[in-house]
Amino acid sequence: MDFSSWIRKALLKKNKSDPSNPSSSQTEPNLKQRKIKEIEEEEELGVTDELKDFVKSLTVETFKNCPLQQDDNQVKTLNGPDNVQKDLSEWEERHAVLVLTKVKEISLLRYVLCPRHLKDRQFWQIYFMLVKNYVSPFELRAIRKAKLRRMAMDDGKPVESPAYEVEMAEGKQSSRSLPLERDPDSV
């Protein structure tokens, strides 16, 4: 459970238990905030009205007749303990989940096509090939934002050491600098 959902649940419990706060006055701003957040997420992930209309126009035949590249270099594998095969980037995963929830037609297409006619990996490969013109500017923007965040973290990031290691390192540096600062006449 992430932090924001925990806060949301705590606030909802508080509003329900507190009779002095009418729930309708608290729900109205929350609905507006949620709606704004949904719109921002759709914009960030490239789920625009144009994309929705295009995705609604896709058919089973579109996916069946689409030439599929048999390029295994595009498949990414994670070298973790599970050796999980990862076909989509994080942005593509988030986009796919949002499209599946917002555009029911693509969810139905996926249900019809997978696994009878296409593997799930092939379905998403074809999908992103078809919608490339619609989503590529949004994906590039997300990549740039992530790169800027990483650069900012690298610039302002302290050494990733536990506090006691930092204190020990500072102590060693100060003890090394003490003999240099001593006055030779005081010895």
Kindly list the number of the only condition in (1) loosely packed, with under 10 Cβ neighbours inside 10 Å; (2) over 19 Å from residue 52 (Cα atoms); (3) not acidic (Asp, Glu) that fails for residue 151.
(1)
Which of (1) at pLDDT 95 or above; (2) more than 28 Å from residue 42 (Cβ to Cβ) does residue 131 not meet, given it meets every other one?
(2)
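The values are calculated or read from the model by the stated rules, or taken from the named source; none is laboratory data. All values reported here derive from a predicted model rather than from experimental measurement. Positions of Cβ are generated from backbone atoms using ideal geometry, with glycine treated the same way; all protein chains shown enter the neighbour counts.
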